[in-house]
Amino acid sequence: QVQLVESGGGLVQFGGSLRLSCAASGSGFSIQAMGWYRQAPGKQRELVATITSGGSTNYADSVKGRFTISRDNAKNTVHLQMNSLKPEDTAVYYCNALVSGSWPRTGQYLYWGQGTQVTVSS
């Protein structure tokens, strides 16, 4: 079992910054990739940023140049530094982890956190 605990959400003004963190805990797994997704009211959940164990990153076009994803492998933690925030960034942000299980629970599994609210005022 893997648990993802998110923190860092809140209310910020236009142009402000927030730093989201997500820590994975449990046993019998190794993380292959972690990421952040978001879902605004009435919209589908969308990818924000991902990072692999090798450090390769991927960003949604809407956040490129403003958001930075990073990973601390030793702590099984991923961060999302969000700068120059806009009202359209308002959403619930979800942490995501792709993990590989140890024997006998081999295979790949996708886990989600509970989400943290980010609200950007205009």
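Couple of notes before you dig in:
- The residues of the chain expose, per residue, 53 Å² of accessible area to a 1.4 Å probe.
- Each Cα pair under 8 Å and six or more residues apart adds its sequence gap; the mean of these over the residue count of segment 28-71 is a relative contact order of 31 percent.
- Hz values of 3J(HN,Hα) by residue in segment 34-44 - Karplus curve (6.51, -1.76, 1.60), Gly and Pro given as x: 9, x, 10, 10, 9, 9, 8, x, x, 10, 6
- Value of Rg to Rh for segment 66-122, rounded to two decimals, is 1.10; Kirkwood radius and Rg both from alpha-carbon coordinates.
- Kirkwood Rh (inverse of mean 1/r, distinct Cα pairs), the chain, angstrom: 14.6 Å
- Charged side chains reduced to their Cβ positions (Lys and Arg at +1, Asp and Glu at -1) give the chain a dipole of some 60 debye around its Cα centre.
- Fluctuation leader among Pro104, Pro41, Pro87 - the chain, Gaussian network, Cα springs under 10 angstrom: Pro104
- The fraction of accessible area contributed by carbon and sulfur in the chain is 48 percent, rounded to a whole number (1.4 Å probe; ligands and nucleic acids excluded).
- Residue among Ser25, Ser102, Ser53 with the largest mean-square fluctuation in a Gaussian network model of the chain, springs linking Cα atoms under 10 Å: Ser102
- Beta bridges from DSSP with both residues in the chain: antiparallel share about 90 percent, rounded to the nearest 5.
- The chain, relative contact order [Cα under 8 Å, separation at least 6], %: 35 percent
- The 1.4 Å probe gives accessible areas that order Asp89, Asp72, largest first, as Asp72, Asp89.
- Going by accessible surface with a 1.4 Å probe and the largest first, Glu46, Glu88 read Glu88, Glu46.
- Charge tally around Thr57: other residues with Cβ under 13 Å, Lys/Arg +1 each, Asp/Glu -1 each, net +2.
- Taking 20 Å as the cut-off, the amide N atoms of segment 59-95 that come nearer than this to a point 7 Å along the Cα-to-beta-carbon line of Gln117 belong to 82, 85-95.
- Accessible surface ranking for Trp103, Trp36, 1.4 angstrom probe, highest first: Trp103, Trp36.
- From largest to smallest, the equivalent ellipsoid semi-axes obtained for segment 8-75 from the alpha-carbon gyration tensor read 23, 14, 14 Å.
The values are calculated or read from the model by the stated rules, or taken from the named source; none is laboratory data. Everything numeric here is computed off the predicted structure, so don't read it as measured data. FYI the Cβ positions are ideal-geometry reconstructions off the backbone, even for glycines, and counts take in every protein chain you see. Areas reflect the complete protein model, heavy atoms only, side chains present, ligands, DNA and RNA absent. Shrake-Rupley method; radii C 1.70, N 1.55, O 1.52, S 1.80 Å.
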